[in-house]
Amino acid sequence: MLTVLLDARPTVRTTVLRHTALIIVVALVLSALVTLGVWLVAQAEARRTAERVATQVAAAVLVPLTARDYAQPLDRADLLRDVDPFLRSGVVHRVKVWRVDGDQVEIVFSDESRIESARRHADPGLGRRLGAGETAVFPVPDDPEHRFEIAQAGELLEVFIGFRDAGGHPARLEIYVPVDIAGTTRAAVAVMLPIALGGLLLLGSGMLALSVALARRIDRDRRERADTLHYGLAASELARRDLARWLHDDVIPDLAGAGLLLDTAAGSGSGELVGRARTMIGEDVRRMRALLTEFLPDQVTGETFAASVRALAAGADLRVDAMPVVGDDAATLLHRVARELLHNAGEHAGASRVLVRLGADGAGAVRLEVVDDGRGFDPGRPPPPGHVGLLLVRRVVEEAGGTVIVTSAPGAGTAVSVAVPASLRLPGRVHVPQ
């Protein structure tokens with residue numbers, strides 16, 4: 001993992017960090033779901049346990065309970081002896097016996113004597129359930145009636161069992177059964193969660209290798225695409241340089257030599273025709289030297305950037321505002337972009353006036369603007385065949401993390417604004433050979 005994180009390629013590092021973050025998020029969600037699931041199971045199991053315990057206790061005490069008429073005075077000590085073994089063993093926390101009196105219920109007996117004789121309205125729903133022979137299980141409510149049990153509410157469940165006393169009156173036995181939902185949950189989670197997280201970790205580790213391999217492929221494709229895009233702009237400079245060398249090494253020396261031969265011929269009496277030929281050859285040599293100067297691109301660095309653009313924009317109106325310190329890669333890219341935009345303005349737009357502006361664009365960025373008064377075009381339409389320079393500029397600049405804004409309309413000229421980070425590092429810089 002550490003070796004992968006130290007990989008110099010940002011795509012791989014980003015993939016690993018995202019993969020790790022995803023595993024952490026999934027682990028947290030899985031932990032929460034496992035804990036919730038175990039807690040729900042523990043709660044259901046606690047209800048079943050409470051119902052089972054209450055049923056067993058009722059089987060032992062209901063016979064003596066049903067032998068009494070609760071409308072008559074009771075021998076409390078006798079009732080307490082019947083339930084005391086369950087209270088002392090901790091199987092039961094509290095016992096209450098309710099007498100149903102119309103729409104009222106009254107506690108006629110409890111091991112906590114302070115709540116005896118307490119009355120409240122009867123719950124019709126509970127009465128129907130108990131009358132049908134059901135056993136009802138509830139959590140301990142937070143109310144004055146349960147003031148002596150509320151401190152342990154999270155560890156108790158109350159169970160109601162219906163019966164009839166010796167006088168044939170309906171009555172209810174309420175038993176408070178201790179349960180340990182939290183302890184059961186902790187014990188089950190301690191067993192299940194490491195297994196679930198271990199499986200997740202193994203799966204995540206296996207998928208990490210696939211993610212890294214895919215990220216490396218994406219990074220390689222991105223760098224190859226960047227190389228191709230930057231070479232697209234550099235190719236014109238390579239072609240110009242090759243043509244300039246051919247002119248410099250072959251054509252111009254041959255023409256100059258032809259001029260010397262004509263001078264020699266003129267000295268031998270060839271006269272006016274030789275002079276005219278010499279004048280034509282001299283003019284061609286001058287023009288080719290000027291073309292040679294145009295074809296040979298300057299070697300651009302951050303320090304020479306502004307001067308290089310000034311030379312490139314000869315004949316245009318150049319304005320240089322306050323600029324940040326420009327790195328060599330940013331200078332190279334913008335110089336190529338400027339050359340392409342100026343070429344478009346002259347060759348395709350038929351502009352009579354071109355404005356070039358250099359300056360800062362926000363924090364740490366440099367801006368190049370080329371505005372012409374040419375014929376313009378519709379930026380929303382695909383370029384015609386052979387006019388892909390602007391499309392190439394857009395792709396190269398955006399690949400480098402910059403922006404390109406094109407404003408144009410037919411007959412209204414064109415304005416192109418390009419901004420790139422001044423400290424740009426090209427992922428696949430193409431160098432023009434000397």
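With neighbour counts taken as other beta-carbon atoms within 10 Å, the residues Arg47, Arg81 rank, fewest first, as Arg81, Arg47. Between Ala365 and Ala422, the built amide H atoms are under 5 Å apart, and every one of these is 5 or more places off in sequence or on another chain. Classify segment 104-192: rounded, prolate or oblate, from the alpha-carbon gyration tensor (a ≥ b ≥ c, eigenvalue square roots; a/c under 1.5 rounded; otherwise prolate if a/b is larger than b/c)? Judged from the Cα gyration tensor, segment 104-192 comes out prolate (a/c at least 1.5, a/b above b/c). Ordered by the number of other Cβ atoms lying within 10 Å of each residue's own Cβ, fewest first, Phe305, Phe163, Phe377 fall into the sequence Phe163, Phe377, Phe305. Rounded to the nearest whole Hz, the Karplus-based 3J(HN,Hα) values (6.51 cos²θ - 1.76 cosθ + 1.60, θ = phi - 60°) of segment 188-205 follow the sequence 5, 5, 4, 8, 7, 5, x, 5, 5, 5, x, x, 5, 5, 5, 5, x, 5, with x at glycine and proline.
Between Thr301 and Ala32, the FRET efficiency estimated from the beta carbon spacing at R0 = 51 angstrom works out to 0.35. Per-residue Cβ neighbour counts within 10 Å put Ile150, Ile161 in the sequence Ile150, Ile161, beginning with the fewest. Which residues' amide hydrogens lie under 5 Å from the amide hydrogen of Arg94, considering only partners 5 or more residues apart or on another chain, with H built in the peptide plane? Sorted by chain and number, the residues that satisfy this are Tyr176. Computed from the Cβ-Cβ distance with R0 of 45 Å, the FRET efficiency linking Ile150 to Thr20 stands at 0.45. Using the Cβ-Cβ distance between Leu80 and Arg119 with R0 = 22 Å, the FRET efficiency computed as 1/(1 + (r/R0)^6) comes to roughly 0.55. Give the residues of segment 21-38 whose amide nitrogen is closer than 19 Å to a point set 7 Å from the Cα of Leu201 in the direction of its Cβ. So the set is 21-35. Rounded to the nearest Hz, the phi-derived 3J(HN,Hα) couplings of segment 139-151 under the Karplus curve 6.51 cos²θ - 1.76 cosθ + 1.60 (θ = phi - 60°) are x, 6, x, 9, 8, x, 4, 9, 5, 8, 10, 5, 4, where x marks glycine and proline.
Distance between the 7 Å Cα→Cβ label points at Ala67 and Thr279: 14.9 nm.
Taking the Cα centre of segment 67-179 as reference, the dipole from Cβ charges on Lys and Arg (+1) and Asp and Glu (-1) amounts to some 140 debye. Around the Cα centre of segment 1-124, unit charges on the Cβ atoms of Lys, Arg, Asp and Glu (plus for the first two, minus for the last two) sum to a dipole of about 780 debye.
Every number here is computed from the coordinates shown, using simple stated rules; none is lab data. Just so we're clear, the structure is a prediction, and the values are computed from it rather than from any experiment. With ideal geometry, Cβ positions are generated from the backbone for all residues, glycine too; neighbour counts draw on all protein chains shown.
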